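Structure, as structure tokens:
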Amino acid sequence: MHTKSPHRQSDSPKEECGIFGVFGVEKAAGHVHRGLFALQHRGQEGCGIVVSDGAHVRSHKGQGLVSEVFSDPTVLPEDWNRGIGHVRYSTTGSTRIHNVQPLVVECVDGIWALAHNGNLTNADKLRRMYQDAGAIFQTSTDSEVLVHILADPMYRRRPQRVARALAELRGAFAFLIMTKDCVMAARDPHGFRPLSIGRLGDGYVFASETCAMAQTGAEYLRDVEPGELVMVDETGLHSSMFADPPAHRAHCVFEMVYFARPDSVVFGDNVHEIRMQYGACLAKEHPVEGDIVIPVPDSGNSAALGYSRESGIPFDFGFIRNHYIGRTFIMPEAEQRSAGVDLKLAVLPQVVDGKRVIVVDDSIVRGTTVQRRVAWLRSAGAKEVHVRISCPPVAHPCFYGIDFPTREELIAGGQSVEEIREFIGADTLGYLSEEGLLSPFENASDYCKACFSGEYPLSVEGLGDKNRHESLNPELPFNR
Ligand code: SF4
């Protein structure tokens with residue numbers, strides 16, 4: 001979650017992350033390693049892997065990229081057959097090593113490991129209640145509340161313990177949970193975050209994005225359904241529902257706009273194709289005379305190609321990206337973000353000099369980055385700079401796991417499109433409409449677009465308290 005709302009604390013755990021797991025797959029550590037490589041774009045601050053052979057559990061995690069944390073390939077047993085992994089992004093202040101996942105805890109009935117993508121909107125409330133009851137938390141992540149519910153005797157001694165525990169959570173979550181005996185995967189009832197199931201040999205694979213399956217040679221089977229708990233053990237795959245999905249799902253449309261990799265299938269659609277459609281739609285909604293269409297690489301590539309094909313204006317590369325630096329949007333510190341932008345892109349004067357340039361980007365958050373890029377294009381000789389954005393103005397914070405700043409910091413939170421155009425110094429500025437954003441989807445009402453519209457699919461105000469009181473298990477210690 002990414003707003004200074006009452007939910008937000010200085011060491012807030014709100015994040016966008018990637019998770020990957022396998023069961024019944026030889027050399028599990030290597031496969032999870034490769035899966036995390038493919039998911040690196042979802043988080044670059046820290047990562048970890050936990051593996052098991054059915055009797056023992058080993059874990060390794062650290063801060064940095066997958067290639068840095070796992071520079072020694074023998075750090076984990078190579079031939080064990082089950083494991084889960086996590087790549088992490090976090091907001092300012094929560095980059096400490098103890099927050100890096102998977103979380104590994106020893107309960108009275110054995111070791112549990114847990115990896116989470118999303119944001120639990122009732123985590124603060126649950127944490128306070130367990131702390132009041134004497135629990136000690138070891139991290140500042142929202143994910144840890146699930147550990148405490150699982151360890152609670154009133155859940156531990158009951159059948160369907162994990163399903164009951166998951167039903168207590170609110171907000172956005174895709175979880176992988178591993179014990180020595182099994183790997184489990186679950187998605188929140190709204191299905192905010194993606195999570196897929198694949199087959200690899202005789203075993204199973206779980207991944208935030210299907211690109212990670214391709215990387216490991218796994219075959220995509222299907223998505224974990226919203227409200228579904230999937231468990232894989234020695235007897236096979238077992239599915240159950242821990243909550244009834246609401247009338248409409250709330251798939252995060254920003255996964256399509258920015259976060260997911262173009263070669264992934266997310267919520268049933270290929271990300272590249274959807275972005276191409278966004279670009280084509282943008283060309284229809286905001287046509288302009290120009291000489292070339294250039295993307296802000298990499299997330300603007302597909303939309304720029306779509307714009308070029310629809311408009312008939314040639315596509316070219318006016319920016320060259322340095323691939324050896326992380327995506328600035330997912331670097332937590334303001335200074336890192338700023339420094340990253342300076343190092344990330346270079347302009348090709350040979351391409352833009354003397355041209356009317358249409359530059360396609362995925363989104364505008366604060367506005368300072370695109371302002372700088374427009375200035376670069378002009379100083380490289382661009383005659384005109386027309387900015388096209390493949391989503392509507394981001395005017396509201398996200399409470400479900402994407403790190404947008406506060407509404408005050410979002411440039412579209414308080415300024416009109418014309419004011420933004422003036423601020424960034426473009427000749428024209430055009431955003432994709434909300435209709436255009438949802439036009440590729442058969443069931444548009446199954447997508448969350450709250451950061452554009454302000455219509456939150458889960459109530460934001462008093463969310464945790466309100467929902468918690470509705471669903472409280474009267475047998476929890478603090479409720480008895
Ligand atoms: S508010 Fe925006 S970023 Fe957050 S889940 Fe909804 S669509 Fe995604």
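Below is a table of values for the structure above.
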item	result
Of the criteria (1) at pLDDT 95 or above; (2) of a type in the set (A, V, I, L, M, F, W, C); (3) more than 19 Å from the chain's Cα centre (by Cα), which one A247 fails	(1)
Residue satisfying all of: in the stretch 375-392; over 30 Å from the mean Cα position of the chain (by Cα) and in a strand (DSSP E or B); farthest from V271 (Cα to Cα) among these	E384
So L348, is it under 22 Å from H286 (Cβ atoms) and either within 16 Å of the ligand (Cβ to nearest atom) or modelled with pLDDT of 95 or more (or both)	no
Residue match in the stretch 222-242 (condition: free of Cβ contacts under 8 Å to residues at least 24 places away in the same chain, away from the ligand (no atom under 16 Å from the Cβ) and small (G, A, S))	yes
So M241, is it modelled with pLDDT of 95 or more and surrounded by 20 or more Cβ atoms within 10 Å (Cβ to Cβ)	no
Of all residues in the stretch 243-266 being in a loop (DSSP other than H, G, I, E, B), in contact (Cβ under 8 Å) with a residue 12 or more places away in the chain and within 21 Å of R170 (Cβ to Cβ), the one that is nearest to the ligand (Cβ to nearest atom)	A250
Checking M154 against (1) exposed (fewer than 15 other Cβ atoms within 10 Å of the Cβ); (2) over 26 Å from H60 (Cα atoms); (3) of a type in the set (A, V, I, L, M), the condition it does not meet	(1)
Failed item in (1) touching a residue at least 60 places away in the same chain (Cβ under 8 Å); (2) in contact with a helix residue (DSSP H, G or I) (Cβ under 7 Å, 6 or more places away or on another chain); (3) of a type in the set (A, V, I, L, M); (4) within 23 Å of F254 (Cα to Cα), with L120 passing the rest	(1)
Candidate set: the stretch 390-421, residues that are more than 21 Å from A304 (Cα to Cα) and of a type in the set (V, I, T); chosen: the one farthest from the ligand (Cβ to nearest atom)	I411
Test: residue in the stretch 206-213 that is buried (at least 18 other Cβ atoms within 10 Å of the Cβ), within 16 Å of the ligand (Cβ to nearest atom) and either modelled with pLDDT of 95 or more or not assigned by TED's automatic domain parsing to the domain that holds F23 (or both)	yes
Yes/no for S67 being buried (at least 22 other Cβ atoms within 10 Å of the Cβ) and at pLDDT below 95	no
Set I420, I402, I411: member being crowded, with 21+ Cβ neighbours inside 10 Å, closer than 16 Å to E255 by Cα and either touching a Gly at 6+ places or on another chain (Cβ under 9 Å) or not small (G, A, S) (or both)	I402
Selection count where residues are modelled with pLDDT of 95 or more, assigned to a strand (DSSP E or B) and in contact with a helix residue (DSSP H, G or I) (Cβ under 9 Å, 6 or more places away or on another chain), scope the stretch 154-195	5
Filter result (within 10 Å of the ligand (Cβ to nearest atom) and either polar (S, T, N, Q) or over 20 Å from the mean Cα position of the chain (by Cα) (or both)) within the stretch 434-454	S453
Long-range neighbours under 8 Å by Cβ, at least six apart or interchain, first residue at positive phi within the stretch 375-397, second of a type outside the set (S, T, N, Q) and surrounded by fewer than 23 Cβ atoms within 10 Å (Cβ to Cβ)	G381/P349; G381/D353; G381/G354; G381/K355
Residue satisfying condition, being of a type in the set (S, T, N, Q), buried (at least 17 other Cβ atoms within 10 Å of the Cβ), modelled with pLDDT under 95 and more than 18 Å from F254 (Cα to Cα), within set T369, T328	T369
Residue that is farther than 22 Å from P194 by Cβ and either in a strand (DSSP E or B) or touching a His at 6+ places or on another chain (Cβ under 8 Å) (or both), where the choices are V51, V87	V51
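For (1) within 10 Å of the ligand (Cβ to nearest atom); (2) at pLDDT 95 or above; (3) among the hydrophobic types (A, V, I, L, M, F, W, C); (4) not assigned by TED's automatic domain parsing to the domain that holds V266, each residue gets a yes or a no:
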position	(1), (2), (3), (4)
R388	no, yes, no, no
F423	no, yes, yes, no
L432	no, yes, yes, no
E470	no, no, no, yes
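The values are calculated or read from the model by the stated rules, or taken from the named source; none is laboratory data. On a predicted model such as this, the values are computed, not experimentally measured, just so you know. FYI the Cβ positions are ideal-geometry reconstructions off the backbone, even for glycines, and counts take in every protein chain you see.
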